[in-house]
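**Student:** Here's a structure for you.
Values in this text are rule-based calculations from the coordinates and carry no lab data. Just so we're clear, the structure is a prediction, and the values are computed from it rather than from any experiment. Note that we place each Cβ from the backbone using ideal geometry, even for glycine, and neighbour counts take in every protein chain shown.
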Amino acid sequence: MRELEEETGIAPGQVSRLGEISDWLSYDFPPEVAALPRHRKRGWIGQAQRWFACRYSGKDSDIDLDRATDDEFDAWRWEILNAVPALIIPWKRDIYERVASEFARFTH
């Protein structure tokens, strides 16, 4: 919930958890990304993540990337879950395919 608020400005009270993927999903940065100064300086070579499916009960106007404390996103939109993997950079796509597959049950 902390990550959600940091990256989107969505308050924890505006979501309810539906499910989760129990495994940590991980990927390695490609060499050109791992070589970026901010990654090299911190020794980052990839990332491991836990994924949670949540239902959002707020309004679209409550999503405020300018209010977010992290500058990871510059835009957002609602999208059909199974269309998301094709929108993701190739080196993260496998993770998003798994997320879409495992969370498909919440989209019906």
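**Student:** Using only alpha carbons, build the gyration tensor for the stretch 2-77 and give me the equivalent ellipsoid semi-axes, biggest first, whole Å.
**Tutor:** Values: eigenvalues 147, 62, 16 Å².
Its equivalent ellipsoid spans semi-axes of 27, 18, 9 Å.
**Student:** Right, another one. Please report, in debye to the nearest 20, how large the charge dipole of the chain is about its Cα centre when each Lys and Arg carries +1 at its beta carbon and each Asp and Glu carries -1 there. Write out the running numbers ahead of the final one.
**Tutor:** Working: 15 positive and 20 negative charges, 55 e Å.
Roughly 260 debye, rounded to the nearest 20.
**Student:** Would you grab the residues whose amide H sits under 5 Å from the one on Trp44? Only those 5+ places off in sequence or on another chain, please, with H modelled 1.01 Å from N.
**Tutor:** none
**Student:** How much length is gained if the chain between Arg55 and His39 is pulled fully straight, taking 0.36 nm per residue apart and subtracting their Cα-Cα distance, in nm to one decimal? Before the final figure, lay out the partial values.
**Tutor:** Numbers: separation 16, 0.36 × 16 = 5.76 nm, distance 3.25 nm.
Result for the pair: 2.5 nm of gain on full extension.
**Student:** Okay, next question. Quick check: residue separation of Asp62 and Glu3 times 0.36 nm, minus the Cα distance between them. What number comes out in nm?
**Tutor:** Values: separation 59, 0.36 × 59 = 21.24 nm, distance 1.59 nm.
Result for the pair: 19.6 nm of gain on full extension.
**Student:** Which residues' amide hydrogens lie under 5 Å from the amide hydrogen of Glu20, considering only partners 5 or more residues apart or on another chain, with H built in the peptide plane?
**Tutor:** Counting only residues 5 or more places away or on other chains, the set is Ala53.
**Student:** Within the stretch 1-83, report the chymotrypsin sites (Phe, Trp or Tyr not before Pro) that DSSP leaves as loop and that have at most 14 other Cβ atoms within 10 Å. If you can, show how the numbers build up before the last one.
**Tutor:** Numbers: sites: Trp24, Tyr27, Trp44, Trp51, Phe52, Tyr56, Phe73, Trp76, Trp78; in loops: Trp44, Phe73, Trp76, Trp78.
Passing both the DSSP loop test and the Cβ count: Trp44, Phe73, Trp76, Trp78.
**Student:** May I pose another question? Which loop-located GluC sites (Glu not before Pro) does the stretch 24-108 contain, where loop means any DSSP state but H, G, I, E or B and the Cβ has at most 11 other Cβ atoms within 10 Å?
**Tutor:** On the way: sites: Glu32, Glu72, Glu79, Glu97, Glu102; in loops: Glu72, Glu79.
Here the GluC sites (Glu not before Pro) that fit, given the DSSP loop and packing criteria, are Glu72, Glu79.
**Student:** Right, something else. For the stretch 2-16, just list the computed ³J(HN,Hα) in residue order, Karplus coefficients 6.51, -1.76 and 1.60, θ = phi - 60°, integers in Hz, with x standing in for Gly and Pro.
**Tutor:** Each residue's phi maps through the Karplus curve to give 4, 4, 4, 5, 4, 9, 10, x, 6, 6, x, x, 9, 9, 10 Hz.
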